[in-house]
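S.K.: Would you mind keeping the following structure in view while I ask a few things?
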């Protein structure tokens, strides 16, 4: 049985963690990107499907290409951030299931059922996007997840050679600058949005 995390760890992951609009000039290394993935991959997904595909926009060229497909306010964030990750989902994730989930013929559950494959890919890549945020925070980094971009344009620009891969959301990544955020928005207590059946 696992022990509860310390208050300081919970603060870092949730209570004092914030979504950042801008970052310091401190770079993010390739090793840190690998370290994030090495945590993300352990988060649970349906039948270990791991449908997320991530493009880490680090070069000025990649960031400019992505920024051109985003709303102006988001484009500025992308251009200034050390890294922006495109979290996408592979609707043909099931082709990897014989390797990733060898306990059953899980591939057969999705072949020929496009609706189920799409729903599964989207749901689980979104989960993996959440793991990405928590992994980055756990490693001392900050994120700025966002929508506000042309999904079809991003798919064409970054996944043209992988037609089964579709962008889900994007997130900046770096060491957050506190001057770029406002006071935390309200977080209601349990009773407002929860019930126990």
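FYI, it's all coordinate maths here, none of it is from the lab. From a predicted model like this one, the values you see are computed outputs, not experimental measurements. Every residue, glycine among them, receives a Cβ derived from its backbone with ideal geometry; neighbour counts consider all protein chains shown.
S.K.: Using packing as a proxy for protection, rank 78-89, 102-113 so that the peptide with the highest average count of other Cβ atoms within 10 Å comes first.
M.R.: 78-89, 102-113
S.K.: Let me ask something additional. Using Cα pairs closer than 8 Å and at least 6 residues apart in sequence, work out the relative contact order for region 83-178, in percent.
M.R.: 44 percent
S.K.: Per 0.36 nm of contour for each residue apart, how much would the distance between residue 195 and residue 39 grow if the chain were fully extended, relative to their Cα-Cα spacing?
M.R.: Taking residue 195 through residue 39 to full extension adds about 53.0 nm, to one decimal.
S.K.: Can you give the Rg to Rh ratio for the chain, taking only C-alpha atoms and Rh from Kirkwood?
M.R.: 0.99
S.K.: Next question. Among rounded, prolate and oblate, which fits region 133-195 when a ≥ b ≥ c are the square roots of the eigenvalues of its C-alpha gyration tensor, a/c under 1.5 means rounded, and a/b larger than b/c means prolate?
M.R.: Here region 133-195 falls in the prolate category.
S.K.: Is it possible to state the helix-based mean residue ellipticity at 222 nm for the chain, with each DSSP H run of 4+ residues giving -39500 (n - 2.57), the sum divided by total residues, to the nearest 500 deg cm²/dmol? What is it?
M.R.: -11000 deg cm²/dmol
S.K.: What value does region 45-98 have for Rg/Rh, both radii from Cα atoms and Rh as Kirkwood defines it?
M.R.: In region 45-98, Rg relative to Rh is 1.14.
S.K.: Give me Rg/Rg_expected for region 76-188, where Rg uses Cα atoms only and Rg_expected = 2.2 N^0.38 Å with N residues.
M.R.: Compactness ratio reported: 1.27.
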